[in-house]
Amino acid sequence: MKQIHVGMLGCGTVGTGVARILLERADLIRARLGADLVLKRVADIDLTRDRGVRFGKGVLVDDASVVLEDPDIRIVVETIGGETVAKDLILRCLAAKKHVVTANKALLASQGNELFSEAMKYGVDLAFEASTGGCMPVIKTLREALVGNRIEEMIGILNGTCNYILTKITEDGSPFEKALADAQQKGYAEADPTLDVEGFDAAHKLAILTALAYGMQINLADIYVEGISRITPMDIEYAREFGYNIKLLAISKDRGDRIEARIHPTMIPFDNLLSSVRGPLNALTFTCDAAGDILIYGRGAGMMPTASAVVADIVDLARNLLHDSGGRVPMLSFQPEHIRNIPVLPMAEITTRYYFRIAAQDRPGVLSAVSGILGDYDISIKSVHQKGRKTNGSVPIVMITHWAKEADVQKALAEIASLDVVGDAPVLIRIEDDNEA
Ligand code: HSE
């Protein structure tokens, strides 16, 4: 039986999951691959921790060079994370003509253009299914299953921490801080939750997906990012009165010569399938010109789901090695000469529908002052409710608009905020509703 030797850099949570699959399901993988995947060396600074994995003698080492310099190792898995040591080691692996598998979305989103170009220079593959959506096969779907489609849009829930917190606020009425503490206690949120709750983790994933979908360079810097830390139980309750749930959505749309790419809390109708994605689960909808809509749903994080995606990449690379067919599927989905620098549409230029909550005094003329300003900016109101409840001496006026331009909305809300009769800064939440023309 042929053997393909694999090395691993970093053996934390995901690395341990990968080792478990490779060691405990070796027979299953052999039956599918037609060769043995041999985990030859695993480098980690911690050699003593009990990972619950039985490595053979000499497999676990504390020096990455042992992996890099082993000529038998053709595939290296990077599960260190971070953007410094991991980048350096990946570059060294590529230069040593080893194929690399990584789950490192932050690194790929910020420095992927350089890394993919280095991989091409050395004629090796850099595989990254686990970087986006955990076990959900979103990269394979984009690159292979949808190869005959133009991707019109992708809308998804790509951060399980945020989805867990929003589910908790929706179902228990907990304030954000309490829902976050619960997520931390259950291990869904980090001690420093900023990367997740402020939307940056989802932006990393959207930057990767957007590049693959439209044949463009990875462009993290131009993605609009807004997190969920200002979402209140009150807004969730009002959203529900309008027939909406609130989700942190990653949204990417083909606008011809430009691309929309944004992360923000979004109201979606109850009958949108993404509305039913609860707790830490992820889901991504592709809208394509031939296939129509495809929804992929699953675990976007966690040891074994992420390891499942890493192992899928290892097996893909091993198949390429067995059949001498590396580079068969272009890493970024398009041939390098067809990857363009398509600009991301500035947020001010997007059009969508909006929910506003305005804290205003309950006296004659207030509603007409507010609606007058909206009218001045060509923003048409679809529905308005004035709630009886007083918050800080004001009553909430909540409204839903028809389609409006973001720049106009921002200017109108700034003007509304400056009215004497308006208290706290108005709340704005964008709406994605396919039921509305
Ligand atoms: N922290 C992420 C999440 C998983 O909560 O979905 C890794 O990207």
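The values are calculated or read from the model by the stated rules, or taken from the named source; none is laboratory data. Fair warning: this is a prediction, and the values are worked out from it, not measured in the lab. All Cβ positions, even for glycine, are placed from backbone atoms using ideal geometry, and neighbour counts span all protein chains on display. All accessible areas refer to the heavy atoms of the entire protein, side chains included, with ligands and DNA or RNA removed. Shrake-Rupley method; radii C 1.70, N 1.55, O 1.52, S 1.80 Å.
One table, with the values for the structure above:
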{"item": "Number of the condition not met by Asp172 [criteria: (1) within 13 Å of the ligand (Cβ to nearest atom); (2) at pLDDT 95 or above; (3) open to solvent by 50 Å² or more (accessible area, probe 1.4 Å)]", "result": "(1)"}
{"item": "Options Leu142, Leu158: the member that is within 16 Å of the ligand (Cβ to nearest atom) and crowded, with 19+ Cβ neighbours inside 10 Å", "result": "Leu158"}
{"item": "Residue match in the range 182-203 (condition: open to solvent by less than 50 Å² (accessible area, probe 1.4 Å), at pLDDT 95 or above, of a type in the set (Phe, Trp, Tyr) and not assigned by TED's automatic domain parsing to the domain that holds Asn104)", "result": "no"}
{"item": "Criterion: more than 16 Å from the ligand (Cβ to nearest atom) and open to solvent by 50 Å² or more (accessible area, probe 1.4 Å) - qualifying residue of Val67, Val147", "result": "Val147"}
{"item": "Residues located in the range 257-287, provided they are farther than 9 Å from Asn245 by Cβ, more than 16 Å from the ligand (Cβ to nearest atom) and in contact with a Gly (Cβ under 6 Å, 6 or more places away or on another chain)", "result": "none"}
{"item": "Count - residues of the range 107-136 that are open to solvent by 20 Å² or more (accessible area, probe 1.4 Å), within 16 Å of the ligand (Cβ to nearest atom) and under 14 Å from Leu209 (Cα atoms)", "result": "1"}
{"item": "Which listed residue, of Ser394, Ser371, is free of Cβ contacts under 8 Å to residues at least 24 places away in the same chain and either touching a His at 6+ places or on another chain (Cβ under 8 Å) or closer than 25 Å to Arg230 by Cα (or both)", "result": "Ser371"}
{"item": "All positions within the range 382-408 that are modelled with pLDDT of 95 or more, among the charged types (D, E, K, R) and open to solvent by less than 50 Å² (accessible area, probe 1.4 Å)", "result": "Glu406, Asp408"}
{"item": "Selection within the range 340-359 - over 23 Å from Ala407 (Cα atoms) and open to solvent by less than 50 Å² (accessible area, probe 1.4 Å)", "result": "none"}
{"item": "Failed criterion for Arg319 (all others in (1) open to solvent by 30 Å² or more (accessible area, probe 1.4 Å); (2) more than 20 Å from Lys97 (Cβ to Cβ); (3) not in a loop (DSSP other than H, G, I, E, B) hold)", "result": "(2)"}
{"item": "The one condition in (1) assigned to a helix (DSSP H, G or I); (2) closer than 18 Å to Ile75 by Cβ that Ala31 fails to fulfil", "result": "(2)"}
{"item": "Test: residue in the range 196-204 that is at negative phi, of a type outside the set (Lys, Arg) and either away from the ligand (no atom under 16 Å from the Cβ) or in a loop (DSSP other than H, G, I, E, B) (or both)", "result": "yes"}
{"item": "Qualifying residue in the range 224-237 (condition: in contact with a Pro (Cβ under 7 Å, 6 or more places away or on another chain), open to solvent by 30 Å² or more (accessible area, probe 1.4 Å) and within 14 Å of the ligand (Cβ to nearest atom))", "result": "no"}
{"item": "Any pair with Cβ under 8 angstrom, 6 or more apart, that starts in the range 143-166 at a residue that is farther than 23 Å from Met331 by Cα and ends at one that is aromatic (Phe, Trp, Tyr) and in a loop (DSSP other than H, G, I, E, B)", "result": "Gly160/Tyr188; Thr161/Tyr188; Tyr164/Tyr188"}
{"item": "Unique residue being of a type outside the set (D, E, K, R) and either part of a helix (DSSP H, G or I) or within 15 Å of the ligand (Cβ to nearest atom) (or both) when the list is Ala179, Ala221", "result": "Ala179"}
{"item": "Filter result (within 10 Å of Ile268 (Cα to Cα), of a type in the set (Gly, Ala, Ser) and not in a helix (DSSP H, G or I)) within the range 231-253", "result": "Gly243"}
{"item": "Count - residues of the range 325-339 that are open to solvent by 40 Å² or more (accessible area, probe 1.4 Å) and at pLDDT below 95", "result": "3"}
{"item": "Test: Ala86 is open to solvent by less than 60 Å² (accessible area, probe 1.4 Å), in contact with a Cys (Cβ under 7 Å, 6 or more places away or on another chain) and in a helix (DSSP H, G or I)", "result": "no"}
